[in-house]
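Data first, discussion second: the structure below is written as structure tokens.
Any read-out appearing in this document is the output of simple, stated calculations on the displayed coordinates, not a laboratory observation. What you see is a predicted model; the values in this text were computed from it and never measured. Every residue, glycine as well, gets a Cβ built from its backbone with ideal geometry; the counts of neighbours run over all protein chains shown.
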Amino acid sequence: MKVSLNYGRSNLEVTLPSGVTVEMVRKPAMPCLSNPRKAVTTALARPVRSGDVLQAGREFVGNRWAAGASSACIAICDITRPVPNHLFLRPMVECLLEAGLKLDNVSILVATGLHRPNQGAELAELVGDRWVLENVAVENHDARNDADHVCLGKTDTRGTVVRIDRRFVEADLRIATGLVEPHFMAGYSGGRKVIAPGLAHAETITTFHSSRFMADPAAVSCNFVGNPLHEEQLEIVKMLGGALALNTVIDEHRKLSFVNFGEIIASHGEAVDYVRQYCEVPVARQYKTVVTSASGYPLDKTYYQTIKGMVGAMNILAPGGDLIIVSECSEGLGSSGFIESQRRLIELGPESFLKGLLAKSHADIDEWQTQMQLKPMSVGNVHLHCPNLTDEQWELTGVARVNSVETAISESVIRQGDRRIAVIPEGPYVAPYLQKPGGGV
């Protein structure tokens, strides 16, 4: 039997050893929109509201959500998310022009968070529309540039200092766009997350990515209840004065399944309700051998992002089991901050590394991903297939090296004494959970 795992821009075909029993863990078939562009224009014409308000301080009549605005800033996700920007950016800009805005007063801001900027051919790929690139100012958010940010104060609950990109804060219309899918610590991506951390200053990001947030048991995939990141993000939206959002959901083949537009909290909530029924997949038992991916391009460009696939699969990994993950890592490990964090993990060991994190009010940049790696490592043994890493890079992963996925699976089922395995081809875009007898979680 062969299985196909998301890997790079295509797939990795893996031949399973004979005699294994396989449970394929994937989304139920998702309906795809037959006319995605029409679905986008329909969504823009029928905004989701929260009461009669789309953005705090502005009331709207009918579908005239841009009426009376003199400027607009559209936030888009960076290259790490396969958002179908090519389907909606131009129609959205055209709506703004029809409402009387001038092109000079419309901007697109890449919500990089603390990731590197997207430039050149990569930016063109991200935007996906030549007309937009030629007619609209497209700029990258820079979380380290103090002058680019406005301080909105502190959150009431946890005292997070909130600094958000000035270009977004000061626009008459603030529009976040993105992909709604499981997120391993914020519950779900998209909506409010595009603003923070997407457009936040480093001080804000390193606060609610500190160990006290990351270690909270509610800061997990698909959960909003008591989730400290989600709660801070909602408060930040309120401090900002609200925003609009265009939300998309795609199937495992990256085709558009859902799109809506409107007030950011209400519209994002609708999108989450839609995607939940597909991405949250019940599994009846834990497995001693779990095979997964980092979801392929663009998420598996770095080892930093690959950790999401490890965390995504850990719910169905039996204690002491083997988690085998494939990732292309075409750009290596990730940022210099993440590399330094991995170096400290290897030098100190998991226990001392984590103890050092707990004493900090602000995380060092990207060390939160190393902290998240400790979660699946505390459950079982992580094995990575990634031919692109150098020997020096491998030493900093902290996981076992896999040259052949087939051999790794064969050795695992023998070592574990169990020929039943689970395979998650789409990686972290699927959120398996252990279903208790009677259907509970």
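What nm value, rounded to one decimal, do you get for the distance between residue 270 and residue 134 when each label is placed 7 Å out toward the C-beta?
Between residue 270 and residue 134, the label points sit 3.4 nm apart.
Sort 297, 7, 188 by Cβ crowding within 10 Å, fewest neighbours at the top.
Working: 297 17, 7 24, 188 27.
Ordered by Cβ neighbours within 10 Å, fewest first: 297, 7, 188.
Considering only Cα-Cα distances, which of the following residue pairs are longer than 24 Å: 154/360; 27/238; 2/27; 288/375; 38/193; 255/436? Please list the in-between numbers first.
Numbers: 154/360 18 Å; 27/238 34 Å; 2/27 19 Å; 288/375 16 Å; 38/193 26 Å; 255/436 32 Å.
Check vs 24 Å cut-off fails for 27/238; 38/193; 255/436.
Taking the highest mean first, how do the peptides 32-38, 177-183, 336-342 order by number of other beta carbon atoms within 10 angstrom per residue? Before the final figure, lay out each step's value.
Details: 32-38: 13.0, 177-183: 25.1, 336-342: 19.0.
Ranked by mean Cβ neighbours within 10 Å, highest first: 177-183, 336-342, 32-38.
Helix-only mean residue ellipticity at 222 nm, the chain, DSSP H runs n ≥ 4 weighted -39,500 (n - 2.57), per residue, nearest 500. What is it?
Values: 16 runs with 149 residues, N = 441.
Dividing the helical sum by the residues of the chain leaves -9500 deg cm²/dmol.
Using the number of other C-beta atoms within 10 angstrom as an exposure proxy, rank 30, 92 with the fewest first. Please list the in-between numbers first.
On the way: 30 19, 92 25.
With the sparsest Cβ surroundings first, the list reads 30, 92.
Determine, from the Cβ-Cβ distance of residue 352 and residue 216 and an R0 of 30 Å, the FRET efficiency 1/(1 + (r/R0)^6), rounded to the nearest 0.05.
Details: r = 21 Å, r/R0 = 0.71.
It comes to 0.90.
Inverting the mean 1/r over all pairs of different Cα atoms, compute the Kirkwood radius of the chain and quote it in Å.
On the way: mean 1/r = 0.0448 Å⁻¹.
Answer for the chain: a Kirkwood hydrodynamic radius of 22.3 Å.
About the Cα centre of the range 36-278, how large is the charge dipole given +1 on each Lys and Arg Cβ and -1 on each Asp and Glu Cβ? Please answer in debye to the nearest 20. All intermediate terms of the calculation are to be shown ahead of the outcome.
Values: 25 positive and 29 negative charges, 53 e Å.
Charge dipole of the range 36-278: 260 debye, to the nearest 20.
Could you work out the equivalent-ellipsoid semi-axes for the range 36-278, taking the square root of 5 times each eigenvalue of the Cα gyration tensor, largest first, in whole Å?
Details: eigenvalues 125, 80, 70 Å².
Working through the eigenvalues yields semi-axes of 25, 20, 19 Å.
Considering only DSSP beta bridges whose two residues both sit in the range 36-278, what percent are antiparallel, to the nearest 5? Write down the numbers at each step before the final one.
Details: 18 of 38 bridges.
Close to 45 percent.
Taking only the alpha-carbon atoms of the range 310-441, what semi-axes of the equivalent ellipsoid follow from 5 times the gyration tensor eigenvalues under a square root, in whole Å, largest first?
Numbers: eigenvalues 138, 79, 38 Å².
The equivalent ellipsoid of the range 310-441 has semi-axes of 26, 20, 14 Å.
Treat the count of other C-beta atoms within 10 Å as a stand-in for reagent exposure and order 285, 26, 81 from fewest to most.
Ranked by crowding around the Cβ, least crowded first: 285, 26, 81.
For every other residue with a beta carbon closer than 11 angstrom to the beta carbon of residue 155, add +1 if it is Lys or Arg and -1 if Asp or Glu, then tell me the sum.
Details: positive: 154, 158, 238; negative: 156, 231, 232, 235.
Every neighbour counted, the sum reads -1.
In nm, give the distance between the simple-model label positions of residue 391 and residue 10, each being 7 Å from the Cα along the Cα-to-Cβ direction.
Between residue 391 and residue 10, the simple spin-label model gives 2.9 nm.
With r defined as the distance between the Cβ atoms of residue 97 and residue 255 and R0 fixed at 25 Å, what FRET efficiency is calculated, to the nearest 0.05? Could the numbers behind the result be given before it?
Values: r = 28 Å, r/R0 = 1.14.
Approximately 0.30, to the nearest 0.05.
Let me check against my output: what whole-number percent is the relative contact order of the chain, with C-alpha pairs under 8 Å and at least 6 apart?
Values: 990 pairs, mean separation 92.7, N = 441.
Across the chain, relative contact order equals 21 percent.
Taking only Cα atoms, what is the 0 to 90° angle, nearest 10, from helix 367-379's long axis to the longest principal axis of the chain?
Once rounded, one gets 40 degrees.
At 0.36 nm per residue, minus the direct Cα-Cα distance, what do residue 280 and residue 122 gain on full extension? Give it in nm, one decimal, please. Intermediate results must be reported in sequence, preceding the final value.
Values: separation 158, 0.36 × 158 = 56.88 nm, distance 3.14 nm.
Computed gain between residue 280 and residue 122 is 53.7 nm.
Using mean Cβ contacts within 10 Å as the protection proxy, how do 400-408, 249-257 order, highest first?
Details: 400-408: 15.0, 249-257: 17.0.
By packing density, highest mean first, the sequence is 249-257, 400-408.
Going by alpha carbons, how many degrees (0 to 90, nearest 10) lie between the helix axis of 303-313 and the longest principal axis of the chain?
Roughly 70 degrees, rounded to the nearest 10.
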